[in-house]
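Peer 1: Please read through the structure below; I'll follow up with questions.
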Amino acid sequence: MDNLEILTSQNVNLEIEPASVAERIFARIIDYILMISYIIVIAIMMGVFKISDELTILFLITLPILFYDLLCEVFFDGRNFGKAVLGIKVVMLDGSSPRISSYLLRWIFRIIDEMVTFGSIAVTSIVVSSGNQRIGDRIAGTTVIRLKSKR
């Protein structure tokens, strides 16, 4: 896997190591396990308290799951729980922290990258791109990097 070279504003060249497709997949699996666990706990609580209102279901289950990635990456510096466990995070291609607009673009294109195609487009684009980027990363100008090198 090729490292990415970044020229900082201080004219220093940095080499960063992109996260592998396997690391990104495992991080996603951790996130899915967390989301499914959340849904089960909320469903059990709703059963115990006999809540069946559609609006309550929308606010307690659908919205948190829908916005999970966006909110985690915005508030946890480019990481969701899966990325944090595996020591990877989202950064701009220049090495800086992404703006909210970049996270928003990644989140919107996750629908195409992962949900519509069950991840096949995401995996394919990560494997074939030089910076291990999925389509959402390319459009947002981001990539996912390892925080510690495996060397």
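The values are calculated or read from the model by the stated rules, or taken from the named source; none is laboratory data. In this text, all values refer to a predicted model and were calculated from it rather than measured experimentally. Note that each Cβ is placed from the backbone with ideal geometry, even for glycine, and that neighbours are counted across all protein chains shown. For the accessible areas, the whole protein counts, side chains as well, though only heavy atoms, and no ligand, DNA or RNA atoms are used. Shrake-Rupley method; radii C 1.70, N 1.55, O 1.52, S 1.80 Å.
Peer 1: Which of these, Arg134, Arg99, Arg110, has the largest mean-square fluctuation under a Gaussian network model of the chain (Cα springs below 10 Å)?
Peer 2: So, out of Arg134, Arg99, Arg110, the one fluctuating most is Arg99.
Peer 1: Ranked highest first by average number of other Cβ atoms within 10 Å, how do 137-146, 62-71 line up?
Peer 2: 137-146, 62-71
Peer 1: Counting only pairs 8 or more places apart or on different chains, how many lysine pairs in the chain have C-alpha atoms closer than 29 Å?
Peer 2: 4
Peer 1: Out of (1) 10.9; (2) 14.9; (3) 9.8, which label holds the value of mean projected area of the Cα convex hull in nm² that was computed here?
Peer 2: The listed entry that was calculated here is (3).
Peer 1: Another one. Can you list the HN-Hα couplings for the stretch 59-69, worked out from phi with the Karplus curve (6.51, -1.76, 1.60; θ = phi - 60°), rounded to whole Hz and with x for Gly and Pro?
Peer 2: 6, 8, 10, 5, 5, x, 5, 4, 9, 3, 5
Peer 1: While we're looking at this one, here's another question. If I ignore ligands, DNA and RNA and count only protein heavy atoms, how much of Val41 is accessible to a 1.4 Å probe, in Å² to the nearest 10?
Peer 2: About 80 Å², ignoring ligands and nucleic acids.
Peer 1: I've got another one for you. How much length, in nm to one decimal, is gained on full extension between Ile112 and Asp94, taken as 0.36 nm per residue of separation minus their Cα-Cα distance?
Peer 2: Length gained between Ile112 and Asp94: 4.0 nm.
Peer 1: Got the relative contact order for the chain handy, in percent, Cα pairs under 8 Å and 6 or more residues apart?
Peer 2: The value is 28 percent.
Peer 1: Something else: Return the single residue from Ser52, Ser20, Ser101 with maximal mean-square fluctuation; model: Gaussian network over the chain, springs between Cα atoms under 10 Å.
Peer 2: Maximum fluctuation in the GNM of the chain, among the listed residues, is at Ser52.
Peer 1: Roughly how many percent of the accessible protein surface of the chain is carbon and sulfur, given a 1.4 Å probe and a whole-percent answer?
Peer 2: The value for the chain is 70 percent carbon and sulfur by accessible area.
Peer 1: Counting only heavy atoms of the protein chains, get the accessible area per residue of the chain (1.4 Å probe) and round it to a whole Å² value.
Peer 2: It amounts to 59 Å² per residue over the chain.
Peer 1: With +1 assigned to the C-beta of every Lys and Arg and -1 to the C-beta of every Asp and Glu, and no other charges, what is the dipole magnitude of the stretch 1-52 about the Cα centre in debye, to the nearest 20?
Peer 2: About 580 debye.
Peer 1: Just from its helices, what would the mean residue ellipticity at 222 nm be for the chain, if runs of 4 or more DSSP H residues each count -39500 (n - 2.57) and the sum is divided by every residue, rounded to the nearest 500 deg cm²/dmol?
Peer 2: Computed mean residue ellipticity for the chain: -15500 deg cm²/dmol.
Peer 1: Quick check on the stretch 66-147: take the gyration tensor over C-alpha atoms, sort the square-rooted eigenvalues as a ≥ b ≥ c, and tell me if it's rounded (a/c under 1.5), prolate or oblate.
Peer 2: Here the stretch 66-147 falls in the rounded category.
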